[in-house]
Amino acid sequence: MKVFVTRRIPSVGIELLREHFQVELNDSSTPLSAGELKEKVKSCDALLSLVTDPITADVIAAGQNLKIISNHGVGYDNIDVAAATSRGIAVTNTPDVLTDATADFTWALLLAITRRVVEGDRVVRNGEFTGWDPLFMLGADLVGKTLGILGAGRIGTAVGERSVGWRMKLLYYDHKTNPTLEAKAGARKASLKEILQEADIITVHLPLTEQTYHLIGKKEFEMMKPTAYLVNTARGAIIDEAALVEALKTKRIAGAALDVFEHEPQLTPGLAELNNVVLAPHLGSATTDTRNKMAEVAARNIILYFQGKQPISIINPEVLKKRKI
Ligand code: DGY
């Protein structure tokens, strides 16, 4: 069996795969083009892809022997799951192992924007710090404020649990009730409208789907408090970035902190010129331990599949009944 790995990943994943399969690796940090991916997929039985690889219906159709696509990431909006399922191809991902790292990074961004950490760093480096001043660079307190969580899955829940130390009022928007968040952090399920109107900080933890694309746009920014902040460590296109630039420019909202972008890695014009936004290069899961675990889970998903066992995390389990090994 042959596995193609689309880009460099932590070596623990490659070593594990090499114990079981013939492994071909695109040993570079540059993503392959759609044409290159199609070429590579032709000769492999398994594909280990990254969240930056568009695994389209075309790419999938080129994989005549392809049996499993193992995504190195929890999000899988880069994969046409319906196309894979219709061909009996399993799609797996790496949830859980990155929950804490991503929740921690969400809080890093949340604190960075409300307390103007990155802006302050720029001020100091530019020689604009001339001494302590009672009115200089004032930010916003968190204690007692309302945190609105959009998407109370694993990461949203971990972000909410961390808010207890700030004694925040917690509202969450999700189709499901979250008893853990309610019991541990006193959270209350609310409508999107209520969160937009009430929250002092809104943090996004939804998957990118047709339903969540541009969930936050001009109309939603108009509903938010002018003192509110928006944090996004999920997927860029959940926010209409052009509308966000406008909302930040006109101070319709106080600020935003983004780890993900609508046209990643490109930025919407105007975004980088603004001081009331913190921009991070998709670092939510970027700790050594977490990335090692993600590589291991992505490799184990493939190994388990070919051993006839249940992968650690499968998106379309219905295909397992027709497993072709
Ligand atoms: C994911 O896993 O979906 C993140 O975006 C990258 O770790």
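The values are calculated or read from the model by the stated rules, or taken from the named source; none is laboratory data. Quick caveat: nothing in here was measured; it's all calculated off a predicted structure. No Cβ is skipped: glycine too gets one built from the backbone with ideal geometry, and neighbour counts run over all protein chains shown. Areas reflect the complete protein model, heavy atoms only, side chains present, ligands, DNA and RNA absent. Shrake-Rupley method; radii C 1.70, N 1.55, O 1.52, S 1.80 Å.
Roughly what % of Cα-Cα distances in region 18-88 sit above 20 Å, to the whole percent?
22 percent
In whole angstrom, how far apart do the alpha carbon centroids of region 258-286 and region 136-182 sit?
Measuring centre to centre over Cα atoms gives 22 Å.
Over the chain, with a single point scatterer placed on each C-alpha, what log10 of the ratio I(q)/I(0) does the Debye formula yield at q = 0.12, 0.13 1/Å?
-0.86, -0.98
May I ask you to rank SER11, SER163 by accessible area, largest first, using a 1.4 Å probe over the protein chains only?
The ordering from most to least exposed comes out as SER11, SER163.
Tell me which aspartates and glutamates have Cα within less than 13 Å of LYS184's Cα, excluding those fewer than 8 residues away on the same chain?
GLU161
LYS309: which lysines have alpha carbons under 22 Å from its alpha carbon, excluding same-chain residues fewer than 8 sequence positions away?
LYS2, LYS67, LYS293, LYS321, LYS322, LYS324
On the accessible surface of the chain, probed at 1.4 Å, how many percent belong to carbon and sulfur atoms?
Summing carbon and sulfur atoms, their accessible area is 52 percent of the total for the chain.
Name the residues whose placed amide hydrogens come within less than 5 Å of the amide hydrogen of LEU230, ignoring near sequence neighbours (fewer than 5 apart) on the same chain.
ILE202, GLY255, ALA256, ALA257
Could you give the length gained by full extension between ARG18 and ASP121, i.e. 0.36 nm per residue of separation minus their alpha carbon distance, to one decimal place?
Roughly 32.6 nm would be gained on extension.
From the protein chains alone at 1.4 Å, what is the descending order of accessible area for PHE4, PHE129, PHE136, largest first?
Greatest to least solvent exposure: PHE129, PHE136, PHE4.
Given the Cα-Cα distance of SER29 and VAL143 and 0.36 nm per residue of separation, how much length would full extension add, in nm?
Result for the pair: 36.9 nm of gain on full extension.
Averaging sequence separations of C-alpha pairs under 8 Å and six or more residues apart, then dividing by the length of the chain, give the relative contact order as a whole percent.
Averaging sequence separation for qualifying contacts and normalising by length gives 19 percent for the chain.
For region 203-246, just list the percent of Cα-Cα distances falling in each 10 Å bin from zero outward, please.
28, 60, 12
Which distance in Å, rounded to a whole number, links the C-alpha centroids of region 1-19 and region 196-233?
Cα centroid of region 1-19 versus Cα centroid of region 196-233: 38 Å apart.
Can you list the HN-Hα couplings for region 170-182, worked out from phi with the Karplus curve (6.51, -1.76, 1.60; θ = phi - 60°), rounded to whole Hz and with x for Gly and Pro?
Running phi through 6.51 cos²θ - 1.76 cosθ + 1.60 with θ = phi - 60° gives 10, 10, 9, 10, 7, 6, 10, 6, 10, x, 5, 5, 5 Hz.
Give me the Kirkwood hydrodynamic radius of region 109-159, using the inverse of the mean 1/r over all pairs of distinct Cα atoms, in Å to one decimal.
Roughly 13.3 Å, rounded to one decimal.
Any lysines with Cα under 25 Å of the LYS225 Cα? List them, leaving off those in the same chain fewer than 8 positions away.
Within reach: LYS145, LYS169, LYS189, LYS193, LYS249, LYS251.
Once the dipole of the chain is set up with Lys and Arg at +1 and Asp and Glu at -1 on Cβ about the Cα centre, which of HIS72, TRP132, THR203 lies farthest towards its positive end?
Of HIS72, TRP132, THR203, it is HIS72.
Please report the base-10 log of the normalised intensity I(q)/I(0) for region 99-279, using a Debye sum with one equal scatterer per alpha carbon and no solvent, at each q in 0.09 (1/Å).
-0.30
Beyond 16 Å, what percent of the Cα pairs of region 239-325 remain?
Tail of the P(r) past 16 Å holds 65 percent of the pairs.
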